[in-house]
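Chemist: Have a look at the structure that comes next, please.
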Amino acid sequence: MPNIASILKAEITRVARKEVRAEIEALRKASASQRMALAALKREVTELRKELRDAQKPQRAAAVDLNAPIDGEVQRRFSPARLAAHRQKLGLSAAEYGTLVGLSSQTIYNYEQGKGRPPAEMVTKLSRLKELSKTEIQALLSNANAK
C-alpha cells in the first residue's frame, strides 16, 4: 500500500509541476513582451526629448549675415574647382547654393566651369559661406526658402 501512495504522490507532483511550468512559461512570454514594449517607449521618449531640446535651441545660423563687413578681413581668392567641391560636399544643387548667396543656378554653374568670374564682394560672400558648418548652411537655406 505505501507503494501505491508514493506512486500517486509522485504522479500528482509531476502533473502539478507540468501545470506550473505551463503557467510560468506564459508569464515569461508576457514579461518579455512587456520589457520590449517598455524599452521601445524609453527609446521614443529619448528621441522626443532630443527633438524638443534641438527645437528649443536658438537658431544661431539665422543671425549670420553674409553681407556684413568684417574688420581686417583677408583678401580671398576664387577657384572654380573649390566652389564646385564645396557645393558637392554640402550636397546642394546649384540652385540651392545660388539661393544662399543671391545668385541664379546658371551663374553658379558658370563660376564652377570657369566661364565667369565673380566680383570681389561675391568672392567674399562665397568665402564666408565656406566658413559655416553644414547645419548652419541648412538653417540658412530653410530660412531663405521660408521667405
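Chemist: Could you give the dipole magnitude of region 1-57 about its Cα centre, charging the beta-carbon of Lys and Arg +1 and that of Asp and Glu -1, in debye to the nearest 20?
Modeler: 200 debye
Chemist: Next question, about the same structure. Can you sort ILE7, ILE108 by how many other beta carbons sit within 10 Å, fewest first?
Modeler: ILE7, ILE108
Chemist: For the chain, what value does the Rg/Rh ratio take when both radii are computed over Cα atoms and Rh is the Kirkwood radius, given to two decimals?
Modeler: That ratio is 1.59, to two decimals.
Chemist: Mind checking which lysines have their Cα closer than 22 Å to the Cα of LYS18? Skip sequence neighbours fewer than 8 apart in that chain.
Modeler: LYS9, LYS29
Chemist: Do the sum for the chain: with -39,500 (n - 2.57) for every DSSP H run of n ≥ 4, divided by all residues, what is the mean residue ellipticity at 222 nm, to the nearest 500 deg cm²/dmol?
Modeler: -25000 deg cm²/dmol
Chemist: Would you mind working out the magnitude of the charge dipole of the chain relative to its Cα centre, with +1 at each Lys and Arg C-beta and -1 at each Asp and Glu C-beta, to the nearest 20 Debye?
Modeler: Details: 27 positive and 16 negative charges, 108 e Å.
Value, rounded to 20: 520 debye.
Bear in mind that the values in this text are calculations on the coordinates, not laboratory data. Note that the structure is predicted; figures quoted are calculated from it, not measured. All Cβ positions, glycine included, derive from the backbone under ideal geometry; neighbour counts span all protein chains shown.
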